[in-house]
Amino acid sequence: MALIYEKRDGIAYVTLNRPEARNALDPETILDLRDAWTDYRDDKEMRCAILTGTGDKAFCSGADLGKLIPLMTGAKKPESEADKAVVSDPLLVGHALLKDFELYKPVIAAINGHAIAGGMEILYSTDIRIAAKGVKLGLQEVKWAIFPMTGSSVKLPRQLPYARTMELLLTGELMDAEEACDLGFLNRVVPREKVMAEAERVARIIADNGPLAVTALKKAVIQNIGLTIAEGLAKEAEIGGPVFLTKDAQEGPRAFKEKRKPRYQGK
């Protein structure tokens, strides 16, 4: 099973499961990721997702250089149904790596090992990132004469300083998790054995919040990027205003006044 997808108590767990290949992305994994993200988006009971990898060496080492990249360059002809799906749908890889997939529910990255190439790129579209000490991150595509096509030239300069972004992109060298945290790309770096526990702690806090307010906030932030202040404020009112008219918005203050835990229904 290339991907393990589980749902427990409002939290979706998306686990890359190819430790023998450093959790590299082959066509089967791409299809499984697409299906997992779609299910998470559409399941009203799911409030937060945690993305991680099996093992302690790699979170994700990017596209499988023997199975996925040759299909994308035309060096290999499709053999399996998964191969054919990847070749026939140019948007499929981007969907799996959240490049431009419309997902306003929160995603936490529990970065248990190195995040390289596509493993780095999927992080751009996660919202909170917790990494293990000793982890390295980066984009090595130029070393193999290919282009990091999952948002690196668009999203990375918005999340890291320009000069550091260009050094990562043009040299293919890796960055330590501690530096990435100092630059604001990661939220925190913790001992390896505490990565998942910390991700679950944060996920539980988010899952207990008002789900409509949470998704509206993420949607507003994403859609406001690039807008003028006036346009952004108008967009914020458009997205945030309806939240005040929900039953959850009535339940939250009521629960606070009654000194009890809110019972949000996403309505």
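No lab work stands behind these numbers, since they all come straight from the coordinates. What you are looking at is a predicted structure, and each value in this text was computed from that prediction instead of being measured. Note that each Cβ is placed from the backbone with ideal geometry, even for glycine, and that neighbours are counted across all protein chains shown.
Lysine pairs in region 13-164 with alpha-carbon atoms under 13 Å apart, 8 or more places apart or on different chains: how many are there?
Details: 44/105; 57/133; 57/136; 67/76; 67/77; 67/84; 76/84; 99/155.
Close lysine pairs under the 13 Å cut-off: 8.
Using Cα pairs closer than 8 Å and at least 6 residues apart in sequence, work out the relative contact order for the chain, in percent.
Values: 461 pairs, mean separation 41.9, N = 267.
Here the relative contact order equals 16 percent.
Taking the Cα centre of region 115-163 as the origin, how large is its charge dipole in debye, to the nearest 20, when only Lys and Arg (+1) and Asp and Glu (-1) carry charge on their Cβ atoms? Spell out each step's value before the answer.
On the way: 6 positive and 3 negative charges, 33 e Å.
The calculated dipole for region 115-163 is roughly 160 debye.
If the elastic network links every pair of Cα atoms under 10 Å, which of 222, 50, 130 fluctuates the most in the Gaussian network model of the chain?
Highest fluctuation among the options: 222.
Per residue and in cubic angstrom, what volume does the convex hull of the Cα atoms of region 166-236 have?
Working: hull volume 9.3 nm³, N = 71.
Expressed per residue, the convex hull around the Cα atoms of region 166-236 is 131 Å³.
Taking only Cα atoms of region 117-224, what ratio of Rg to Rh do you get with Rh as the Kirkwood inverse-distance radius?
Numbers: Rg = 15.2 Å, Rh = 15.2 Å.
For region 117-224, the value is 1.00.
Subtract the Cα-Cα distance of residue 147 and residue 208 from 0.36 nm times their separation in residues, and report this length gain in nm to one decimal. Please report the intermediate quantities before stating the final value.
Details: separation 61, 0.36 × 61 = 21.96 nm, distance 4.00 nm.
In short, 18.0 nm is gained.
How large is the dipole of the chain about the Cα centre if only Lys and Arg carry +1 and Asp and Glu carry -1, each at its Cβ, rounded to the nearest 20 debye? Before the final figure, lay out each step's value.
On the way: 38 positive and 38 negative charges, 182 e Å.
Magnitude of the dipole: close to 880 debye.
Report the gain in length on full extension from residue 265 to residue 72: 0.36 nm times residue separation, minus Cα-Cα distance, nm rounded to one decimal. Numbers along the way, then the final one.
Values: separation 193, 0.36 × 193 = 69.48 nm, distance 4.32 nm.
Extra length from residue 265 to residue 72 when fully extended: 65.2 nm.
Suppose the chain between residue 81 and residue 235 were pulled fully straight at 0.36 nm per residue; how much longer would it get relative to their current alpha carbon spacing? Intermediate results must be reported in sequence, preceding the final value.
Values: separation 154, 0.36 × 154 = 55.44 nm, distance 4.20 nm.
Working it through step by step, the gained length comes to 51.2 nm.
Rank 87, 142, 154 by mean-square fluctuation in a GNM of the chain with C-alpha springs under 10 angstrom and give only the top-ranked residue.
Highest fluctuation of the listed residues: 154.
Take the Cβ-Cβ distance between residue 245 and residue 197 as r, set R0 to 25 Å, and report the resulting FRET efficiency rounded to the nearest 0.05.
Working: r = 37 Å, r/R0 = 1.49.
Step by step, r from the Cβ atoms, then E = 0.10.
Net charge around residue 19, counting only other residues with Cβ within less than 10 Å of its Cβ (Lys, Arg = +1; Asp, Glu = -1)?
Details: positive: 18, 22, 57; negative: 20, 56.
Charge balance in the 10 Å sphere: +1.
Using the Kirkwood radius over Cα pairs, work out the Stokes-Einstein diffusion coefficient for the chain at 37 °C and 0.692 mPa s, in µm²/s as a whole number. Display every interim value, and only then the final one.
Numbers: Rh = 19.5 Å.
The estimated diffusion coefficient comes to 169 µm²/s.
Nearest 20 debye, what's the magnitude of the dipole of region 211-257 about its Cα centre given +1 on Lys and Arg Cβ and -1 on Asp and Glu Cβ?
Using Cβ point charges on Lys, Arg, Asp and Glu, region 211-257 gives about 180 debye.
Where Lys and Arg each count +1 and Asp and Glu each count -1, what net charge lies around residue 138 among other residues with Cβ under 12 Å from its Cβ? All intermediate terms of the calculation are to be shown ahead of the outcome.
Numbers: positive: 136, 143, 164; negative: 121, 141, 167, 173, 176, 179.
For residues surrounding residue 138, the net value is -3.
For region 142-170 and region 1-36, what is the separation of their Cα centres, given in Å?
25 Å
Would you mind calculating the relative contact order of region 14-173 from Cα pairs under 8 angstrom and at least 6 residues apart, reporting the percent as a whole number? Before the final figure, lay out each step's value.
On the way: 262 pairs, mean separation 36.1, N = 160.
Taking the mean separation of contacting Cα pairs over the length of region 14-173, I get 23 percent.
Which of the listed residues, 222, 246, 233, is farthest toward the dipole's positive end in region 211-257, when Lys, Arg count +1 and Asp, Glu count -1 at the beta-carbon?
With unit charges placed on the Cβ atoms, the residue in question is 246.
How much net charge surrounds residue 214 when only the other residues with a Cβ under 9 Å from the Cβ of residue 214 are counted, with Lys and Arg +1 and Asp and Glu -1? Working shown, then result.
Working: positive: 47, 105, 218; negative: none.
Around residue 214, the charge tally is +3.
Quick one: longest stretch of the chain between exposed loop GluC sites (Glu not before Pro), exposed meaning at most 15 other C-beta atoms within 10 Å and loop per DSSP?
On the way: sites that count: 45, 79, 102, 173, 258.
Segment 174-257 is the longest.
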